[in-house]
């Protein structure tokens, strides 16, 4: 499949590997798109797995809602569910990085019956982040969330070469930088990306997701050099998982799919095989 539809929006998909292989859905973050997984998917496909990576709402050109409220977490959960339905899949292995990791946690809380295994890369469980905000330097590391609430200026700064772009893309390999830069040259893509952050205060004050402990087989992969997501939240994530849990701390920064694709794909393959 190359695309799927939901609610009048069309999402672009890269569907690769054996159509009969165990399906793995890959969710990207900010300022990424589905090509964040371009070096991971061939390695998963070589292991017999089918991979489906899609451009999430705000990024996919035909799925950029104007209203910020349409970026609440439950909407992205429903997008993932629609992808599974369109692909004829009862369930899949869900893998998410950065914002995609946040949606992966939300998916595990709202649609656990659709998940074979869960792999979250970089992003701690939201309850662990909330705890770390009160007891560590995580609040300081997350101040950029407040900056992104300001109208207009962050869009300008996220333009290629802008101050927000230079900050957000630190540590990304040049080939990935070029692809993301081309995507974010479109002002609508920048607006859609920032809408994920702008809806967060509303989603925290009146949650669209019933956040709970996760009982599906879960692996959390965290880079010990991540400048945005610290150790306190990473280690506290275990408290939010009641099912089989595996914590993998690796020597890496934030951009694990792009910088450590071989290690990450090995971890995913092992987790999928053990939890299938």
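Every read-out reported here was derived from the displayed coordinates using simple, explicitly stated rules and does not represent laboratory data. From a predicted model like this one, the values you see are computed outputs, not experimental measurements. Here the Cβ is made from the backbone with ideal geometry for all residues, glycine too, and neighbour counts use every protein chain on show.
Looking only at 114, 72, 202, which one moves most when the chain is put into a Gaussian network model with springs between Cα atoms under 10 Å? Maximum among the listed residues: 202. Extent along the principal axes, Cα only, for segment 26-177: 42, 36, 31 Å, with the longest axis given first. With the convex hull drawn around the C-alpha atoms of segment 28-69, the volume per residue stands at 78 Å³. Computed from the alpha carbon positions, the gyration tensor of segment 1-84 leads to an equivalent ellipsoid with semi-axes of 24, 13, 10 Å, biggest first. Projected onto their three principal axes, the Cα atoms of the chain cover extents of 46, 42, 37 Å, largest first. From the alpha carbon centroid of segment 117-131 to that of segment 1-67 is 21 Å. In terms of surrounding Cβ atoms within a 10 Å radius of their Cβ, 115, 94 rank from fewest to most as 115, 94.
When both bridge partners sit in the chain, DSSP labels roughly 25% of those beta bridges antiparallel.
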